[in-house]
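All of the numbers you see were taken from the coordinates with simple rules; none came from a lab. Source: prediction; values computed, not measured. Please note: Cβ atoms are built from the backbone with ideal geometry, for glycine as well, and neighbour counts cover all protein chains shown.
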Amino acid sequence: MSLISRSSLPQNFLDSTSTGMRLVTPEPQYFFAKMAMGSRITLAALNAGLPTAQQFVSIAGGGAILDPGLDEMVRAADAYPECVKAFDEFGKGAGDTIKMFRDVYEGGLYTEAGRVLSEDQTISTTGQNIKAEEVPVVLKEFYGPSNAAGSAVAPYAIKSFDAQYRRNKEQLASKTTRYLGRDYVKWLDAVVRDRFRCNGASGNTNVTFPTGIANAAAFASGGTAYISLEQILAARKAISDREWSKFANGRYMCLVPTSFNTQMLGDVDYRELSKFHDARRNLLYGYVGSVQDIDFFEVTTLATYATTGATDTAVNGSTVGSGVTVNEALLFGPGVVGVGTASNEQSGAIGPECRWADDTNYGTVAKVIWYALHAFQTLDTRGCQRLFWQT
């Protein structure tokens, strides 16, 4: 009896098809996407009359043990509520708008002498208006995934022949769904991040540079304008001077790139002040430490700035010099960014869903995209301070 082997069947020989093993692909934690999705759980908990997202998820799941990823998400949502503010009050049509109102306070004469009512003084009858400003949050249609070149959105295609006859442990439909989910989360993470930094001429200009650096053009190739505790506390002073509130736990969040840890090792004051670690935060999205009332989280999807190979070449209109790579960190409190989600008019689903193409090439190919109705808005740039330094 002859054995079938690679020598006897050199074409299309499979060494193994029985294990179904899939190797791990390195992926970011997608901090911004997780906080955006976690905020929707918090909103659902409030609508159900429950005080925490953990209670809501536990009750909704019948008391079953939570998936580690979901457990991490709801704990973060409870610890830092409104890290991303959720809106689910939209209708079902693109262009629907929710208008958020913010009080605008004006006044003067805040002294004892300025407000004393003198004897026989006549009080003015001229009135003044109570002022407010509005922030519109507009619903739009979004879809994906994009192709490898990133130049267009192209559906994933499943050939009928492969779906019916190819024997593999993992069904092609579930594999395609996983790819769609990853593409949606990566897109959501980038969109929410960009709302925090508001890059552009009319964006968030609340920036803090290292000592001696006036703008992005002042970074020199081979220089050492690194992050320091002095820069961090200067950023904290800026956001505190704007009277921006802290999270419910009495702290600000600071999202930092990977260069933060290596550069801050040389800062003696930081090492001393960050010795204490709160065990309740150690398992949340790359928590690396705290100083005073600032919690630091390592996030690998923050923006970088350089003349080549980076997200942007300019910081607030100032071009980064040749041979320089600039990192960005975000220090913020609650209520800076809002994300709205609407239910789909056809399916009633809230959030992304799979949409199948009408054209199947006579039933031989199924094409699928993800589709979602969202609204993204920077609610107030005063709640976020941007820090820049070079690697």
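Toward the positive end of the charge dipole of segment 207-336, with +1 on the Cβ of Lys and Arg and -1 on the Cβ of Asp and Glu, the farthest Cα among 221, 248, 286 is that of 248. Quick check on segment 207-336: take the gyration tensor over C-alpha atoms, sort the square-rooted eigenvalues as a ≥ b ≥ c, and tell me if it's rounded (a/c under 1.5), prolate or oblate. Prolate, because a/c is 1.5 or more and a/b exceeds b/c. Using R0 = 25 Å, the C-beta based FRET efficiency linking residue 146 and residue 360 works out to 0.70.
Computed from label points 7 Å out along Cα-Cβ, the spacing between residue 122 and residue 211 is 6.0 nm.
Length gain on complete extension for the stretch residue 129 to residue 304, per 0.36 nm per residue less the alpha carbon to alpha carbon distance? Show your work: numbers first, answer last.
Working: separation 175, 0.36 × 175 = 63.00 nm, distance 4.47 nm.
Between residue 129 and residue 304, full extension yields 58.5 nm more.
Computed over neighbours whose Cβ is under 12 Å from that of residue 385, the net charge equals +4, Lys and Arg +1, Asp and Glu -1. The value of relative contact order for segment 207-336, using C-alpha pairs under 8 Å at least six residues apart, is 32 percent.
The listed peptides 49-58, 209-218, ordered by packing as a protection proxy, come out as 49-58, 209-218 (highest mean of other Cβ atoms within 10 Å first).
Sort 108-117, 317-326, 223-232, 265-274 for me by packing, meaning the mean count of neighbouring Cβ atoms within 10 Å per residue, highest on top. All intermediate terms of the calculation are to be shown ahead of the outcome.
Working: 108-117: 7.5, 317-326: 16.6, 223-232: 18.3, 265-274: 13.9.
Per-residue mean Cβ counts within 10 Å order the peptides as 223-232, 317-326, 265-274, 108-117.
Distance between the pseudo-spin-label points of residue 249 and residue 276 (7 Å out from Cα toward the beta carbon): 1.4 nm.
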